[in-house]
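Take a look at the structure below.
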Amino acid sequence: MKYNSTAKTEAMFKFSTKLFFNKNKITRLGEVALYLEIYISTKGNYARERLPLDLRWPVDRIDLQNSTLLPRMRDDQDVNDYNMIILSERAKHNEIAKMYRLSNRIPTVKDLKRELIFADSKKSVVAYFEFRRKELYRMRAISYQTYKNYGTTNGRIEEFQLDVRFDQVNKKWMDKFKAYLKAKGNAHNTVWTRLKDVKALLKVANDETTIYVDPAAIEYENRYTETPTTFLNRDEIRELLTLVRSNTLKDEDQNVLKAFLFSCFTSLRISDIYEANQGWMLSENFLMFTMVKNRQKKPKKIKIPIASIAKEFISTTLNQFFKLPTQQEYNRTLKDIAIAAGIKKNLTSHVGRHTFGYIFMTSVGDIYALKEIMGHSKIETTQRYAHLDEDYKLEQVMKIGVGFV
């Protein structure tokens with residue numbers, strides 16, 4: 001027996017659209033706001049939604065049965081344009097319903113609204129940002145990390161206001177978005193990053209011929225606040241070394257701790273840690289690799305010495321140095337490890353790299369050598385570790401007074 005898949009999908013749901021207006025909301029001029037009524041029904045269930053068309057028309061010149069408008073006067077210049085708008089909106093909805101039917105899925109009203117937003121990316125901020133970030137990454141105009149950051153930022157916009165249009169984005173909207181991010185518990189510099197991404201993408205959008213962005217949104221004031229650098233001191237590193245050598249952790253936690261300590265003794269960023277492999281071993285004592293950061297825009301190959309203690313943490317059976325979970329899980333695991341080691345600092349993947357800067361400056365003290373090892377383009381970036389060195393020196397000098405008080 002032949003199976004008719006088309007008949008089955010068509011029977012999944014019924015879909016229709018028609019023109020609608022509220023008879024109880026007629027203006028003094030005899031006009032009403034027009035809506036598109038959406039009707040979706042399945043066996044035993046139905047949903048109806050009325051979506052505003054942002055159009056008004058005299059109530060006595062509307063043909064609801066045929067979902068069309070009648071001329072208000074002879075040679076009415078607007079009636080054809082308005083009817084085309086209505087026809088176009090109905091066609092958009094019908095096309096989305098057809099797409100769902102062919103894919104054997106049943107749309108909800110929420111699905112329809114979302115699909116409509118993404119269908120018109122020249123108006124929708126969320127849709128345009130999603131399309132443009134993918135295009136920029138394909139063109140290698142942005143790095144993979146920036147691509148991911150833009151995706152996270154667009155997700156926050158989607159949570160805040162899915163249907164936001166470019167003509168709604170102004171200083172007031174930016175203020176509200178900033179307040180929303182703060183209310184969600186985001187740290188100051190996380191909010192700064194999200195706003196920085198929004199401004200960058202708004203600037204890209206404003207270069208489009210068909211999109212206008214309010215300059216006040218592009219120039220929105222967004223100040224970065226320098227936060228204290230978190231690093232581990234020698235006693236805390238010793239606690240972690242004791243823990244990793246005890247082999248009491250679960251395999252996944254042990255791998256995370258080994259990777260973290262490797263970062264502490266090599267300065268590798270977490271993005272590079274995930275890619276580190278035996279092919280990077282230029283010799284027994286040196287690693288050579290192209291950093292993940294800015295790889296698409298300005299690839300930078302660096303050669304760094306590897307201390308004997310760092311080799312202790314590398315896998316001897318796999319090509320990859322470490323077998324690790326997702327970065328989110330990696331950071332969650334570090335917090336559990338900190339508790340197990342009695343460390344009260346907030347451990348994150350960045351702390352390993354900062355710890356290397358601290359160890360190097362308090363052991364060697366050559367800031368220019370540190371700049372090369374850490375792959376910094378500017379010495380100003382490395383200067384933060386000079387301040388850590390000053391704190392260490394002060395700590396040592398303060399010990400001189402012990403026993404004299």
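A few points about this structure:
- Within the stretch 42-58, the set of residues being surrounded by 14 or more Cβ atoms within 10 Å (Cβ to Cβ) and more than 12 Å from Leu19 (Cβ to Cβ) comprises Ala47, Glu49, Arg56, Pro58.
- The stretch 71-94, subset in contact with a helix residue (DSSP H, G or I) (Cβ under 7 Å, 6 or more places away or on another chain) and within 22 Å of Ser16 (Cα to Cα), residue modelled with the highest pLDDT: His93
- Among the residues of the stretch 59-80, those identified as surrounded by 12 or more Cβ atoms within 10 Å (Cβ to Cβ) and out of contact with any Pro (no Cβ under 8 Å at 6 or more places or on another chain) are Val59, Ile62, Ser67, Thr68, Leu69, Leu70, Pro71, Asp76, Asp78.
- Enumerated helices (runs of 4 or more DSSP H) restricted to the stretch 307-375, each holding at least 3 residues that are at pLDDT 95 or above: 327-341
- Subset of the stretch 302-324 that is among the polar types (S, T, N, Q) and closer than 15 Å to Glu275 by Cα - its residue that is nearest to the chain's Cα centre (by Cα): Gln320
- Exclusive hit being under 25 Å from Ser377 (Cβ atoms), surrounded by 15 or more Cβ atoms within 10 Å (Cβ to Cβ), in contact (Cβ under 8 Å) with a residue 40 or more places away in the chain and out of contact with any strand residue (DSSP E or B) (no Cβ under 9 Å at 6 or more places or on another chain), set Ile306, Ile270: Ile270
- Residue check for Val213: of a type in the set (Val, Ile, Thr), crowded, with 18+ Cβ neighbours inside 10 Å and not assigned by TED's automatic domain parsing to the domain that holds Phe321: yes
- Scanning the stretch 321-339 for residues that are in contact (Cβ under 8 Å) with a residue 12 or more places away in the chain and buried (at least 16 other Cβ atoms within 10 Å of the Cβ) turns up Phe321, Phe322, Leu324, Tyr330, Asn331, Thr333, Leu334, Ile337.
- Single residue of Asp81, Asp75 found to be out of contact with any Gly (no Cβ under 7 Å at 6 or more places or on another chain), assigned to a helix (DSSP H, G or I), of a type in the set (Asp, Glu) and assigned by TED's automatic domain parsing to the domain that holds Lys25: Asp81
- Residues (of a type outside the set (S, T, N, Q) and more than 21 Å from Asp214 (Cα to Cα)) located in the stretch 140-180: Arg140, Ala141, Ile142, Tyr144, Tyr147, Lys148, Gly151, Gly155, Glu159
- Helices (runs of 4 or more DSSP H) lying entirely in the stretch 141-246 (those with 2 or more residues that are at pLDDT below 90): 144-161, 188-206
The values are calculated or read from the model by the stated rules, or taken from the named source; none is laboratory data. Please read all numbers here as calculations on a predicted model, not as lab measurements. Note that we place each Cβ from the backbone using ideal geometry, even for glycine, and neighbour counts take in every protein chain shown.
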